[in-house]
1. Restricting to the stretch 252-308, count the residues that are hydroxyl-bearing (Ser, Thr, Tyr) and within 29 Å of Asn374 (Cβ to Cβ).
2. Sort out which residues of the stretch 273-303 are of a type in the set (A, V, I, L, M), surrounded by fewer than 19 Cβ atoms within 10 Å (Cβ to Cβ) and part of a strand (DSSP E or B), and write them in order of number.
3. Of all the residues that make up the stretch 164-184, how many are in contact with a helix residue (DSSP H, G or I) (Cβ under 9 Å, 6 or more places away or on another chain), in a helix (DSSP H, G or I) and of a type outside the set (Gly, Ala, Ser)?
4. How about the stretch 327-363: which of its residues are closer than 26 Å to Val312 by Cβ, modelled with pLDDT under 90 and in a strand (DSSP E or B)?
5. Identify all residues within the stretch 185-198 that are in a helix (DSSP H, G or I) and surrounded by fewer than 17 Cβ atoms within 10 Å (Cβ to Cβ); write none if there are none.
6. Test of understanding: among Leu48, Leu40, Leu82, Leu62, which residue is touching a Lys or Arg at 6+ places or on another chain (Cβ under 9 Å), outside any helix (DSSP H, G or I), of a type in the set (A, V, I, L, M) and on the phi < 0 side of the Ramachandran plot?
7. Across the stretch 75-87, what is the number of residues that are more than 23 Å from the chain's Cα centre (by Cα), closer than 14 Å to Ala134 by Cα and not charged (D, E, K, R)?
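The values are calculated or read from the model by the stated rules, or taken from the named source; none is laboratory data. In this text the structure is predicted, and so the values were computed from the model without any measurement. Cβ placement follows ideal geometry from the backbone for every residue including glycine, while neighbour counts extend to all protein chains displayed.
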Amino acid sequence: MRSWYKALISCLVLSLILPAAALAQQASAPEISAQAAVLLDFQSGQILYSKDGQKAHVPASLVKIMTMYVALDQVKAGRVSLSDTVVVSEKAWSMIGSRMFLEPNEVVTVEQLLTGIAVVSGNDACVALAEGIAGSEAAYVQLMNAKAEALGLPMRFVDVHGLSDQNSVTAEAVARLARAYLIDHPEAIRFHQQVSFSYQPRSAKTPIVQYNRNGLLRSYEGADGLKTGQLEAAGYNLVATAVQNNRRLIAVILGSDSETKREQEAAALLNYGYRGYDLVNLAPLLEGKTARVFKGKQSQVGLMVEEPVISVPKGVGATMSVAIQTKDLEAPVQKGTEVGVLSIYLQEQLVKQVPLLAGEDVARGNLFKVLWDNVSWFLRNLIRRR
């Protein structure tokens, strides 16, 4: 019963009347000079633009997205609290590059460290956080690599701050990491959207105020994150995200020539996504559609998808074709169980495949129903063999 039912159950063709703006000519993709770039639609998870998106690149401080992800995972699991304190080590204090200006033996909270990482890219804060949570930077790096593996992302980390040119990512992996990070920890955006951060070291008479290097926070409508990075081996990197009309996009720029250029090209990608694509709800396509269930109290189960949206170009004729392929199911079936595949075609080109899920629970049927379906199943297989 677990084998795929290989016949195509149904093929639906839907004419979608998109908003009036969809009648406009589709926007042209921008010319990007950076070594790699990606635009990802947050709601649908689709890559809308990619230039060398699967090519390995040095991330520089973009590593810190994963550093914060792992820390917030620990907070979410209850193993760490934002109010927990960390004693700053000599190693953390001695870090070069961007710093919070921590001093040895200072006591700081996890929340202060996270803010220092997100806003001012503090390398000292990264090491202090790693030592406070995992005992050492090396142990924390293991958690980061394990997280990348769990997410299925081609990433390799050797430190928690990004100073090494041995760290490796791809633009598409960074975009998907940012999406997973914000899905799992939507509260994290409050750290990244801060324009400035004030911290007073123990020996200072007044607080040190530093400003977020992500200039889009001040210049692009709806921008609220996410992280900058720069290293000689990497060039200028940026993960930019914004929300307009309740829609979030994520742009990744790797290997740009300057801070100004990375912001200009990230903004161009975001504009391209907002002006050139619409989100379409897939849920109406599945109304009344079912998968066959054997030996259950009911013989059909409704269908749903986990992410019921797709991003489609404006002005494409507003026609999508959708193919539904389902498994033969044997009760009991739990809601959310994968029961098939929904294939979405745009102008006869496959643009996305998503798992079909059971929309409800189906309990095991009575003895008569089980026996009847056993006979039906036997006869069905007998006919197929002929």
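1. Taking the stretch 252-308 and keeping what is hydroxyl-bearing (Ser, Thr, Tyr), we get 256, 258, 260, 272, 274, 277, 290, 299.
Next, only the ones that are within 29 Å of Asn374 (Cβ to Cβ) stay: 290, 299.
Qualifying residue count for the region: 2.
2. Let us first name the residues in the stretch 273-303 that are of a type in the set (A, V, I, L, M), namely 279-280, 282-283, 285-286, 291, 293, 301, 303.
Still in the list and also surrounded by fewer than 19 Cβ atoms within 10 Å (Cβ to Cβ): 279, 283.
Answer for the stretch 273-303, where residues must be of a type in the set (A, V, I, L, M), surrounded by fewer than 19 Cβ atoms within 10 Å (Cβ to Cβ) and part of a strand (DSSP E or B): just Leu279.
3. Initial filter on the stretch 164-184 (in contact with a helix residue (DSSP H, G or I) (Cβ under 9 Å, 6 or more places away or on another chain)): 164-165, 167, 169, 173-174, 176-178, 180-182, 184.
Of the ones still in play, those that are also in a helix (DSSP H, G or I) are 173-174, 176-178, 180-182, 184.
Among the residues that remain, those that are also of a type outside the set (Gly, Ala, Ser) are: 174, 176-177, 181-182, 184.
Qualifying residue count, the stretch 164-184: 6.
4. Of everything in the stretch 327-363, those that are closer than 26 Å to Val312 by Cβ, modelled with pLDDT under 90 and in a strand (DSSP E or B) turn out to be Ile344, Tyr345, Leu346, Gln349, Leu350, Val351, Lys352, Gln353, Val354.
5. First, the residues of the stretch 185-198 that are in a helix (DSSP H, G or I): 186-192.
Within the stretch 185-198, Pro186, Glu187, Arg190 meet the criteria.
6. Numbers: Leu48 fails: touching a Lys or Arg at 6+ places or on another chain (Cβ under 9 Å); Leu82 fails: touching a Lys or Arg at 6+ places or on another chain (Cβ under 9 Å); Leu62 fails: outside any helix (DSSP H, G or I).
Only one candidate passes the filter, namely Leu40.
7. 5
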